[in-house]
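**Student:** Attaching a single structure in structure tokens format; questions to follow.
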Amino acid sequence: MCIAGLTWWLYTALPDQKPAVRRRVVYPFAFIAVVFAGLYFGKIIPPVPLSLSEIGVYHQVVREGGRFKLSMTRSRWKFWQHGDQSFLARPGDAVYCWVVVFAPVNFRERLQVRWFSEGPEGWIKHDTIPLPIAGGRDDGWR
């Protein structure tokens, strides 16, 4: 829509530049649209890329009916934050990573969550946990 509006505005504002507008605006965007449509219909790219919608680190995750209750220690007035921004845990404490991923409905793949901690000499890798994604819900949420 924006490209159509920009093109219409350029056509009306610069009537003597119509060939240049066509060559520098319309043709490149039309080419990109045709290439992406061809890649989509050729099943080379997915219709919707994976998107990380929400992620947080919590002290406890409990399923209550069809919903999940997430426990954290941050102040309630920081409602815009998900999970603890500064997560404090002692050795032996359980740590839960809550992830919400948007994926196409019939998408099947395995993601990986990699755990690192910051040490005196840089980041230290501790673990890699596989996170299988199969199916998806009506709108792709998983």
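**Student:** Output yes when any residue across the stretch 18-34 is in contact (Cβ under 8 Å) with a residue 24 or more places away in the chain, assigned to a strand (DSSP E or B) and surrounded by 13 or more Cβ atoms within 10 Å (Cβ to Cβ), and no when none is.
**Tutor:** No - not one qualifying residue is present in the stretch 18-34.
Residue-by-condition table, conditions (1) assigned by TED's automatic domain parsing to the domain that holds Ala103; (2) at positive phi; (3) modelled with pLDDT of 80 or more; (4) out of contact with any Pro (no Cβ under 6 Å at 6 or more places or on another chain):
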| position | (1), (2), (3), (4) |
| --- | --- |
| Thr7 | no, no, no, yes |
| Pro19 | no, no, yes, yes |
| Arg22 | no, no, no, yes |
| Phe31 | no, no, yes, yes |
| Tyr58 | yes, no, yes, yes |
| Phe68 | yes, no, yes, yes |
| Met72 | yes, no, no, yes |
| Lys78 | yes, no, no, yes |
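**Student:** Against the definition (under 30 Å from Leu6 (Cα atoms) and at pLDDT 85 or above), how does Gly92 come out, yes or no? Don't jump to the end; show me each part of the working.
**Tutor:** Working: under 30 Å from Leu6 (Cα atoms): no; at pLDDT 85 or above: yes.
It is false that Gly92 is under 30 Å from Leu6 (Cα atoms) and at pLDDT 85 or above.
**Student:** If you don't mind, there's one more thing I want to ask. Take Tyr40 and decide whether it is among the aromatic types (Phe, Trp, Tyr), touching a Pro at 6+ places or on another chain (Cβ under 7 Å) and at pLDDT 80 or above.
**Tutor:** yes
**Student:** Of all residues in the stretch 108-142, count the ones that are small (Gly, Ala, Ser) and modelled with pLDDT of 80 or more.
**Tutor:** Residues flagged as small (Gly, Ala, Ser) and modelled with pLDDT of 80 or more within the stretch 108-142 amount to 3.
**Student:** Within the stretch 108-128, take every residue that is among the acidic types (Asp, Glu), surrounded by fewer than 10 Cβ atoms within 10 Å (Cβ to Cβ) and in contact with a strand residue (DSSP E or B) (Cβ under 9 Å, 6 or more places away or on another chain) and give me the one that is nearest to Arg67 (Cα to Cα). Walk me through it before giving the result.
**Tutor:** Let us first name the residues in the stretch 108-128 that are among the acidic types (Asp, Glu), namely 109, 118, 121, 127.
Among the residues that remain, those that are also surrounded by fewer than 10 Cβ atoms within 10 Å (Cβ to Cβ) are: 118, 121, 127.
The next check asks that each one be in contact with a strand residue (DSSP E or B) (Cβ under 9 Å, 6 or more places away or on another chain); those that pass are 118, 127.
Details: Glu118: 33, Asp127: 28 Å.
Among residues in the stretch 108-128 that are among the acidic types (Asp, Glu), surrounded by fewer than 10 Cβ atoms within 10 Å (Cβ to Cβ) and in contact with a strand residue (DSSP E or B) (Cβ under 9 Å, 6 or more places away or on another chain), the one nearest to Arg67 (Cα to Cα) is Asp127.
**Student:** Pick from Val100, Val105: which is in contact with a Ser or Thr (Cβ under 6 Å, 6 or more places away or on another chain), at pLDDT below 85, closer than 23 Å to Phe68 by Cα and of a type in the set (A, V, I, L, M)?
**Tutor:** Every option except Val100 fails the conditions.
The values are calculated or read from the model by the stated rules, or taken from the named source; none is laboratory data. Predicted model only: the values in this text are computed from it and were never measured. All Cβ positions, glycine included, derive from the backbone under ideal geometry; neighbour counts span all protein chains shown.
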